[in-house]
Amino acid sequence: MVELSSYINEKFFLSLHASKRFVEIMTPLSFHEGELIIEKGKINNKEYLLLEGICRSYVVNGQGADITLSFFTDNSCIPPNLVRTKSDRSILNIQALTDVKLLTFPTEKLMNLMSTHREIELWANAILQKELMQKVEKEINQISLHAKERLIHFRDQYPALENILPHSYIASYLGITNVSLSRIRRELVNP
């Protein structure tokens with residue numbers, strides 16, 4: 001437990017004391033590449049910390065196509081339950097794109113910790129604020145940037161993912177077709 005507490009302290013910037021309290025409510029989970037961690041429409045009352053691996057959030061549009069909303073990499077938080085559920089049911093899917101290791105804990109227990117540990121409350125609020133800022137930034141970029149600029153921004157934000165992930169996921173995240181993504185990638189190599 002001390003080892004995990006130190007890890008949480010180092011990666012998620014909580015004190016060792018707060019990390020120890022936090023670890024007490026956590027359960028480790030592993031998923032294989034391609035598995036759904038969270039499924040749209042299913043009841044989900046948990047929170048998740050991604051320790052290792054890559055995940056994506058996505059929805060399926062009216063034509064049956066996957067639309068990637070976000071990517072998550074090592075040492076990050078899956079969006080808080082508050083923003084990914086409605087009436088305790090998930091409004092999106094979270095899929096492991098590689099083998100992943102997670103820590104999960106009940107939302108209710110996190111809320112209890114937040115009420116008794118100010119540091120954990122501040123941490124959780126910072127996670128929520130970061131999630132909101134990322135969503136707003138993505139919306140603004142989708143509206144105000146050309147596709148080539150969105151790809152450049154994606155590369156800055158996720159430097160290694162373009163060479164790891166299926167390009168269909170990246171194209172849907174950028175709001176373009178696979179063909180457009182291929183063309184833009186060629187243009188960036190040979191300007």
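The values are calculated or read from the model by the stated rules, or taken from the named source; none is laboratory data. Owing to the predicted nature of the structure, the values given are computational and were not obtained by experimental measurement. Reconstructed Cβ throughout: ideal geometry from the backbone, glycine too, with neighbour counts over all protein chains shown.
Only one entry in Tyr7, Tyr58, Tyr48 is closer than 24 Å to Asn178 by Cβ and among the aromatic types (Phe, Trp, Tyr), namely Tyr58.
Counting only helices (runs of 4 or more DSSP H) that sit completely within segment 114-191, those holding 1 or more residues that are in contact (Cβ under 8 Å) with a residue 24 or more places away in the chain and under 30 Å from Phe13 (Cα atoms) correspond to 118-144, 147-157, 167-174.
Looking at segment 87-94, can you tell me whether even one residue there is surrounded by 16 or more Cβ atoms within 10 Å (Cβ to Cβ), in contact with a Lys or Arg (Cβ under 6 Å, 6 or more places away or on another chain) and among the small types (Gly, Ala, Ser)? Checked against the condition, which is being surrounded by 16 or more Cβ atoms within 10 Å (Cβ to Cβ), in contact with a Lys or Arg (Cβ under 6 Å, 6 or more places away or on another chain) and among the small types (Gly, Ala, Ser), segment 87-94 yields at least one hit.
Since Leu51 meets every condition but one in (1) touching an Asp or Glu at 6+ places or on another chain (Cβ under 8 Å); (2) modelled with pLDDT under 95; (3) closer than 24 Å to Gly175 by Cα; (4) not acidic (Asp, Glu), which condition does it not meet? That leaves (3) as the condition not met.
Of the residues making up segment 123-136, those that are surrounded by fewer than 14 Cβ atoms within 10 Å (Cβ to Cβ) and either within 13 Å of Leu174 (Cβ to Cβ) or aliphatic (A, V, I, L, M) (or both) number 4. Can you confirm whether segment 28-35 contains a residue that is surrounded by 14 or more Cβ atoms within 10 Å (Cβ to Cβ), within 30 Å of Thr116 (Cα to Cα) and modelled with pLDDT of 95 or more? Yes, because at least one residue in segment 28-35 is surrounded by 14 or more Cβ atoms within 10 Å (Cβ to Cβ), within 30 Å of Thr116 (Cα to Cα) and modelled with pLDDT of 95 or more.
Under the condition of being of a type in the set (Ser, Thr, Tyr), farther than 15 Å from Tyr58 by Cα and surrounded by 15 or more Cβ atoms within 10 Å (Cβ to Cβ), the residues counted in segment 162-181 number 1.
Being among the charged types (D, E, K, R) and exposed (fewer than 13 other Cβ atoms within 10 Å of the Cβ): is that true of Arg118 here?
So Arg118 passes the test.
Taken over segment 137-161, the criterion of being over 17 Å from Thr68 (Cα atoms), polar (S, T, N, Q) and surrounded by 15 or more Cβ atoms within 10 Å (Cβ to Cβ) is satisfied by no residue.
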